[in-house]
Amino acid sequence: MLSRASKYAILSTLFLAEHVKDNKKLSVRVIAETIDVPSPFLAKLFQQLVKGKIISSTKGPHGGFYLTKKNQQKTVLDIIENIDGLQRLNECFLGLSECDGSNPCPVHFIVEPFKNSILGKFRDKTIMEFSEEIVSKGRKLSIKDISPELNTSME
């Protein structure tokens, strides 16, 4: 349903949101290493997110990526739309070229409410609301954060 690019963009933007209170700018390298995402790929995604006004950046020795108050009000759906476009979310679950309410695939009516629920949550919660929920519930943004033993056994 989501591309790897969208997943990385959401993950990294939520990581920026988690650190917005520190009022500091973060480099792609630091973010990539912390959340275990390939740095060159993340750099390209960040260019696209900056261009789409989802995140902000400053160049120079004290530069990096950050979220402004306006960026913080963007939604996860804004991130997905910026990276993949919304068409990807509306594709048939089984991959059929034609699938909708009048020409449904075999699982269309099972999947449709689930997709609508996800889209609603992605549209209705801001990046900061998601970030605050992650922090308050002790959720993790990277498998590296979960267990050092697990991470080393995957290498």
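The numbers here are math on the coordinates, done by the rules we state, and not lab data. A quick note: this is a predicted structure, and the numbers were derived from the prediction, not measured. Note that each Cβ is placed from the backbone with ideal geometry, even for glycine, and that neighbours are counted across all protein chains shown.
Normalised by the number of residues in segment 6-88, the average gap of Cα pairs under 8 Å and 6 or more apart makes the relative contact order 36 percent. Highest mean packing first, where packing is the average number of other Cβ atoms within 10 Å per residue, the peptides 25-31, 75-81 line up as 75-81, 25-31. As a length-normalised measure over Cα pairs under 8 Å and 6 or more apart, the relative contact order of the chain settles at 29 percent. A Förster distance of 22 Å, applied to the separation of the beta-carbon atoms of His62 and Glu132, puts the FRET efficiency at 0.25. Calculated from the structure at hand, Rg and Dmax of the Cα atoms in Å is found among (i) 17.2, 57; (ii) 18.3, 59; (iii) 16.0, 52 as (i). Who wins for biggest fluctuation among Leu119, Leu67, Leu14 in a Gaussian network model of the chain, springs between alpha carbons below 10 Å? Residue with maximal mean-square fluctuation among Leu119, Leu67, Leu14: Leu119.
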